[in-house]
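Just below is one structure, and these are the notes that go with it.
The values are calculated or read from the model by the stated rules, or taken from the named source; none is laboratory data. As the structure is a computational prediction, the values presented were derived from the model and not from experiment. Note: ideal-geometry Cβ built from the backbone for every residue, glycine included; neighbour counts use all protein chains shown. The accessibility values were calculated without ligands, DNA or RNA, using every heavy atom of the protein model including side chains. Shrake-Rupley method; radii C 1.70, N 1.55, O 1.52, S 1.80 Å.
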Amino acid sequence: MKIIDLKNSSDYSLLKSAAEEIKDGKLVIFPTETVYGLGADGLNENAVNNIFIAKGRKTDNPLILHVSSIDMVYKIADNINEIEKKLMDNFFPGPLTIVLNKKECVPNIVTGNLDTVGVRMPSSIIARTLIEYASTPIAAPSANISGRPSGTIVEDIIDEFNGKVDTIIDGGSTKIGVESTVVRVINNEIHILRPGYITKEDLETIGVNVIIEKHILSDIEKNDVVMSPGMKYKHYAPKTKCILVYSSNKDLLIKKMQELEENNKNSLVVTKDENIKYFKNTINMGSTLNEISHNIFRILREVDKKNVDFVIIEGVEKSGLGLAIMNRLIRACSHNYIEL
Ligand code: TXA
Ligand code: MG
């Protein structure tokens, strides 16, 4: 496995060999502004199949095709309407994935047999240069074994993919940290299928009604303890048992978290900078939503290295970028969630 170091260098010509590998049907891990992607030539059925094998992903879960130009969008998608064009004008390149009608050239393995395809133009220069050199859309899910937290630094994922991919491009820590927002336009309205860095409020600026899909909200509106033992929703999950706690009332929140810390021996508290002082064994998640988004997947991996039996995680308000963060944290905690 080859590592291309673009953490300490901005010599993008180093990406040419990785682009050749993509053209040859091989697997390349590359950074984007959100998380690392596990990439292959999106028009090569065999290569895409190898993504599913390397990641251990179910083949009915469709992949996003990453493009470097609007021309490339039109090569893979059909019947693009005015709202979709407006979304591209306003948010490409950037952390938005638009589900469009797919063209014949997109293999069914990419889309899990759907007649739509998720398309995203990353703002990361490394990602876009790689796609441009490979001159093909790159299919890429987040670089993590299925069910694990997404990779935001190479150090976190190198062991998971050692021997399974041909090249890893190290671009350092990804800027945003949570994945792109996935949207689909239906009957002239924008539906958010997965919350991400681009918020509902951001999308509304183009003057179109935006709907958050029900499954996202119902998942995060439970306000009693759901000690769900099932692995049904397991995603982004540390191996250590975790609980998520949120209250808009800070006193209540701290009191509940302290009580949980007291009642669970050998526990760890993942909390905001300003609340570190209230607990014994802590990891600092940052203070702003941007910082928390940047840090959260790295922290979800770090907790397993701390040799603790129980992790208490502070939640955030479910609005703006907080919606995406809470969507990931609730799954990371397998729905063990208390809201006060
Ligand atoms: O930020 C990101 O989006 C990262 C980076 C690498 O670009 N990628 C990523 O890919 O998160 P993945 O595969 O981990 O998540 C893609 C999500 C999945 O929830 C998938 O079900 C949804 O997008 N998706 C992809 N194509 C779709 C389609 N045609 N219709 C509906 N949902 C789709
Ligand atoms: Mg993923």
**Report entry** the range 64-96 versus the range 238-278: alpha-carbon centroid distance in Å
**Finding:** 42
Requested in this report: Name every cysteine in the chain that ends up alone, with no second cysteine's Cβ under 4.7 Å, or say none.
Outcome: Cys105
Query raised in the report: Considering only protein heavy atoms, what per residue accessible area in square angstrom results for the chain with a 1.4 angstrom probe?
Result: 43
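Give the carbon-plus-sulfur fraction of the accessible surface of the range 56-106 in %, rounded to a whole number; probe 1.4 Å, heavy atoms of protein chains only. Each step should come with its number before you reach the end.
Details: 1090 of 2480 Å².
Here carbon and sulfur together make up 44 percent of the probe-accessible area.
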Query raised in the report: What helices does the chain have that are whole DSSP H segments, at least 18 Å long along their own axis by Cα, and with mean Kyte-Doolittle hydropathy of -1.0 or more?
Result: 289-302
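Filter the GluC sites (Glu not before Pro) in the range 113-222 to those in DSSP coil with at most 13 other Cβ atoms within 10 Å of their Cβ, and list the result.
On the way: sites: Glu132, Glu155, Glu160, Glu179, Glu189, Glu201, Glu204, Glu213, Glu221; in loops: Glu179, Glu213, Glu221.
Taking the range 113-222 and a limit of 13 other Cβ atoms within 10 Å, the loop GluC sites (Glu not before Pro) found are Glu221.
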Query raised in the report: With each run of n ≥ 4 DSSP H residues scored as -39500 (n - 2.57), what mean residue ellipticity at 222 nm is computed for the chain after dividing by its residue count and rounding to the nearest 500 deg cm²/dmol?
Result: -9500 deg cm²/dmol
Requested in this report: Taking 7 Å along the Cα-to-C-beta vector as the label spot, tell me the Asn79-Asn113 distance in nanometres, rounded to one decimal.
Outcome: 2.1
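Expressed as a rounded percentage, what relative contact order does the chain have, with Cα pairs under 8 Å and six or more residues apart? All intermediate terms of the calculation are to be shown ahead of the outcome.
On the way: 751 pairs, mean separation 67.2, N = 340.
That works out to 20 percent.
Quick check on packing: order 95-107, 35-47 by the mean number of other C-beta atoms within 10 Å, highest mean leading.
On the way: 95-107: 19.5, 35-47: 24.5.
Most protected by this proxy first, the peptides run 35-47, 95-107.
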Report summary line: Once both label points are put 7 Å beyond Cα along the C-beta direction, the Ser9-Asp24 separation in nm becomes 1.9
**Report entry** Exceeding the 32 Å Cα-Cα cut-off - candidates Lys23/Lys58; Lys55/Lys255; Lys85/Lys239; Lys265/Lys318
**Finding:** Lys55/Lys255; Lys85/Lys239
Query raised in the report: Which FRET efficiency value, to the nearest 0.05, is calculated for Ile206 and Asn61 with the Förster distance at 25 angstrom and r the Cβ-Cβ distance?
Result: 0.30
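Only Lys, Arg, Asp and Glu count, each charged at its Cβ (+1, +1, -1, -1), so figure out the dipole size of the chain about its Cα centre, rounded to 20 debye. Working shown, then result.
Numbers: 41 positive and 45 negative charges, 152 e Å.
Here the size comes out at about 720 debye.
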Requested in this report: Mind checking the full-extension length gain between Leu340 and Glu262? Use 0.36 nm per residue of separation minus the Cα-Cα distance, one decimal, nm.
Outcome: 26.3 nm
Requested in this report: In a Gaussian network model over the chain where Cα atoms closer than 10 Å are linked, find which of Asn90, Asn108, Asn249 has the largest mean-square fluctuation.
Outcome: Asn249
Report summary line: Here the FRET efficiency for Leu217 versus Ser248, based on Cβ atoms and R0 = 25 Å and rounded to 0.05, is 0.90
Query - Within-10-Å neighbourhood charge of Ser180 [Cβ basis; K, R +1; D, E -1] - result: 0
